[in-house]
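First up is the structure itself, then whatever we jot down about it.
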Amino acid sequence: KDGAAVRAQELLDQMDSKGLVDTIAFNATISAWAKSKKPDKAEKAHSLLQKMADLHNTGDSNVTVDIVSYNTVLNACAFTRGGAEDKKKALLIAEDTFRRIQESKDLAPQELTYATMMKAYTNLAGNREDKIDMI
């Protein structure tokens, strides 16, 4: 699966160099990273989300950050493996991503959004006291 994420990223980069990227291509690549076992997958997914937002904000009508984009980044975060530092970064990314959804005038959290965010807290927070402090 890790190889698939790298290959998807390479393909997206090639498409981007030719001006052929769109929301579907970005979401597919974010999904590939989310399914990866790499400990930095949340960072990779979040970076793509930010690139999508940047392209959209500079007038690229083919790229829109939608709820699928956000939910898939949350999924990448929620299932991050690795050490405590990797999980801490993933949780911070999840919280930032969730905040962006809440602040968006065009999007609203879905049941899946809440469930995935809860899964992120469950999987990424340390002990019980850490989890209580986060809520």
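Read-outs throughout are calculated quantities, based only on the coordinates presented, and are distinct from any laboratory measurement. Only a predicted model underlies this, so the values are computations on that prediction, with no experimental measurement involved. A quick note on method: Cβ atoms are made from the backbone with ideal geometry, for glycine too, and the neighbour counts reach across all protein chains shown.
So here's what we get for this one:
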quantity: P(r) of region 14-75 over all Cα-Cα pairs, binned every 5 Å from zero, in whole percent; calculated: 4, 21, 31, 23, 15, 5, 1
quantity: For THR64, net neighbour charge (Lys/Arg +1, Asp/Glu -1) across residues whose Cβ lies under 12 Å away; calculated: -4
quantity: Net charge of Cβ neighbours under 12 Å - reference GLN50; Lys, Arg +1; Asp, Glu -1; calculated: 0
quantity: Charge dipole (region 38-135, unit charges on Cβ, about Cα centre) - positive-most of GLN102, LEU48, LEU91; calculated: LEU91
quantity: Percent RCO, i.e. relative contact order, over the chain, from Cα pairs under 8 Å lying at least 6 residues apart; calculated: 21
quantity: D_trans [Stokes-Einstein, Kirkwood Rh over alpha-carbon pairs] for region 12-124, 10 °C, 1.306 mPa s, µm² s⁻¹; calculated: 114
quantity: Entries in LYS18/LYS38; LYS51/LYS105; LYS35/LYS105; LYS18/LYS89; LYS41/LYS105 that, when Cα-Cα distance is taken, lie over 23 Å; calculated: LYS18/LYS38; LYS35/LYS105; LYS18/LYS89; LYS41/LYS105
quantity: Region 64-100: trypsin sites (Lys or Arg not before Pro) in DSSP coil with no more than 13 other Cβ atoms inside 10 Å; calculated: ARG81
